[in-house]
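Values quoted throughout were computed directly from the atomic coordinates according to the rules given, and no laboratory measurement underlies them. Note that this is a predicted model, so its numbers are computed, not measured. Here the Cβ positions follow ideal geometry from the backbone for every residue, glycine too, while neighbour counts run over all protein chains shown.
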Amino acid sequence: MERLKVLWLSHVIPYPPIGGVLQRSYNLIKELSKYHDVYLLAFNQKDLMAPLFVTKEGGIKEAEKELEKLCKEVMFFSIPSEGMDSGKAILAAKSLFSSVGYTINWLKSPDMAASIREVVSRINFDVVHYDTISLTPYLRYTEGVCTVLDHHNIESSMLYTRITKEPNFLKKLYFLQEAIKLRRYEKKWCNQFDLNITCSDIDSQRLLEIVPDVSVQTVPNGVDIDFFYSQGAKKEVNSLVFAGGLSWYPNADAMSYFARHIWQKLKVEIPSVVMNVIGKHPSAELLALSEADSDFRVLGFVDDVRTYIDKAQVYVCPIRDGGGTKLKILDALSMGAAIVAHPKAVEGINVENEENVLLAETPEQFCSQIKRVTTSEALRHKLSTNGRELVIREYSYGKIGEEFASELNGLVKEGG
């Protein structure tokens with residue numbers, strides 16, 4: 001495989017690899033760097049970084065040190081709207097009168113633009129990877145180079161789904177306006193890239209429905225199978241776990257739904273049940289329930305989620321929204337967890353109901369499936385074994401990264 005020079009533009013510092021976009025981007029860079037030379041320019045989202053480290057400065061230094069092990073060059077940039085009081089609110093208000101909306105406007109940075117121009121003039125890149133559609137304003141600076149756009153989700157589709165669940169009328173109108181602008185933007189710009197990549201075949205099909213002649217390839221989410229594996233911890237009887245950042249709407253909605261509609265019904269079925277909710281930025285609703293009920297434990301951010309997954313009898317994932325594939329599900333499968341999930345939570349993953357997961361859509365179904373798992377060691381063993389085998393077979397990042405590296409070689413040989 002010919003070694004290429006790849007410029008990777010990111011809306012986040014892809015470290016630490018603890019879930020979502022951080023995990024996907026870090027592991028793709030890690031695997032890609034085995035075959036190609038990667039140069040990273042990334043925005044520092046303060047709200048994303050702050051809860052992950054003791055100090056922001058220490059976190060940036062650690063991220064830089066670890067990413068420099070993989071990349072030839074690493075540069076981080078502040079987001080202009082985060083550097084002023086009420087910057088996000090002001091930008092959101094201004095976006096009401098913008099043709100492209102908040103999603104595209106929030107990452108516009110003169111410093112990033114200048115650095116892209118400088119590095120492109122200095123290095124003869126073969127490929128430029130844009131890690132979100134929000135970075136497309138910089139496309140003008142990489143003309144003449146093969147370009148790739150990564151869709152961690154089909155953003156407009158996520159917004160349209162969110163509208164159907166939003167009770168606040170004014171927020172519903174705002175999301176609708178953003179969705180319309182973003183859908184129009186996707187139709188205009190996705191075809192300007194030589195290749196679009198998505199996390200699942202379902203999202204690839206969604207993108208084709210929006211932009212029928214777009215060049216798109218599925219590069220699935222994966223899992224580090226050598227990191228996420230069971231240590232054989234003793235299971236805590238009747239214990240459940242959910243892990244995921246609670247500032248992300250689909251996760252927050254999932255836990256709100258669980259707290260409001262499932263938890264009390266489940267306590268009737270299993271009086272000694274305990275729930276561990278892991279993830280930074282829990283809502284006031286979850287914290288209040290935790291205060292009132294000691295069996296509902298809101299733990300916030302934890303250093304190592306594996307311990308909690310390993311000890312739980314059931315991994316519960318009532319996510320009802322969001323595109324891509326849920327990395328938390330792949331992590332849990334790799335850990336050999338017995339999973340009870342909403343069908344939306346496993347969308348894009350080749351799971352089979354009753355073989356490697358149990359599916360549930362209503363509160364009653366969630367209670368029934370959870371009780372089945374807590375009362376049957378044989379069922380837990382079956383789900384655990386089959387889940388681990390699935391990720392080893394299909395979702396190892398080593399395999400996915402090598403295939404992606406080869407795909408980039410083919411793209412360059414074809415001339416974009």
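Computed extension length for Lys234-Leu208: 4.7 nm, one decimal, from 0.36 nm per residue of separation with the Cα-Cα distance subtracted. Largest GNM mean-square fluctuation across Lys234, Lys172, Lys328, computed for the chain with C-alpha springs under 10 Å, falls on Lys234. For the residue pairs Lys171/Lys344; Lys235/Lys280; Lys34/Lys187, alpha carbon separations beyond 26 Å are given by Lys34/Lys187. Applied to region 300-313, the Karplus parametrisation 6.51 cos²θ - 1.76 cosθ + 1.60 on θ = phi - 60° returns per-residue 3J(HN,Hα) values of x, 6, 10, 5, 9, 5, 4, 4, 6, 5, 5, 7, 7, 6 Hz, with x for Gly and Pro.
Neighbour counts of C-beta atoms inside 10 Å place Asp293, Asp194 in the sequence Asp293, Asp194, starting with the fewest.
Could you tell me the relative contact order of region 236-394? Use alpha-carbon pairs under 8 Å, at least six residues apart, and round to a whole percent. Provide the component values of the computation, followed by the final result.
Details: 287 pairs, mean separation 38.3, N = 159.
For region 236-394, the relative contact order is 24 percent.
If you wrap the chain in the convex hull of its Cα atoms and look at it from every side, the mean projected area works out to 19.7 nm².
Backbone geometry of region 201-208 corresponds, through the Karplus equation with coefficients 6.51, -1.76 and 1.60 at θ = phi - 60°, to 3J(HN,Hα) couplings of 4, 5, 5, 4, 5, 4, 5, 5 Hz, x marking Gly and Pro.
Considering only Asn251, Asn191, Asn27, the Gaussian network model of the chain with Cα springs below 10 Å gives its largest mean-square fluctuation to Asn191. Distance between the 7 Å Cα→Cβ label points at Lys399 and Ile180: 4.5 nm. About the centre of its Cα atoms, the chain shows a dipole size close to 700 debye [charges on the beta carbon of Lys, Arg (+1) and Asp, Glu (-1) only; nearest 20 debye].
Kirkwood radius and radius of gyration were both taken over the C-alpha atoms of region 236-394, and their ratio Rg/Rh is 0.92. Phi angles across region 101-115 convert, under the Karplus curve 6.51 cos²θ - 1.76 cosθ + 1.60 with θ = phi - 60°, into 3J(HN,Hα) values of x, 4, 4, 8, 6, 6, 9, 6, 9, x, 5, 5, 4, 5, 5 Hz, Gly and Pro given as x. Rg and Dmax, both from the Cα atoms of region 305-373 and both in Å, are 11.2, 29. Most fluctuating residue of Leu240, Leu107, Leu287 in a GNM of the chain with Cα springs under 10 Å: which is it? Judging by the Gaussian network model, the answer is Leu287.
Once the Cβ-Cβ distance between Asp47 and Val302 is put in as r, and R0 is 25 Å, what FRET efficiency do you end up with, to the nearest 0.05? Calculated transfer efficiency: 0.85. Residue order for His381, His129, His11, fewest other beta carbons within 10 angstrom first, comes to His381, His11, His129. Summarising the amide proton neighbourhood of Ala338: residues at separation of 5 or more, or on other chains, whose placed amide H is nearer than 5 Å comprise Tyr315. For region 262-416, the Cβ-based charge dipole about the Cα centre amounts to some 260 debye (Lys, Arg positive; Asp, Glu negative; other atoms uncharged). Farthest towards the positive end of the charge dipole of the chain, among the residues Val316, Phe228, Leu289, is the Cα of Leu289, using unit charges on the Cβ of Lys, Arg, Asp and Glu. For a modelled paramagnetic label at Ala113, 7 Å from Cα along Cα-to-Cβ, the residues of region 122-144 in reach, with backbone nitrogen under 19 Å, are 122, 130-144. Only Cα pairs under 8 Å and 6+ residues apart enter the sum, and on that basis the relative contact order of the chain stands at 16 percent.
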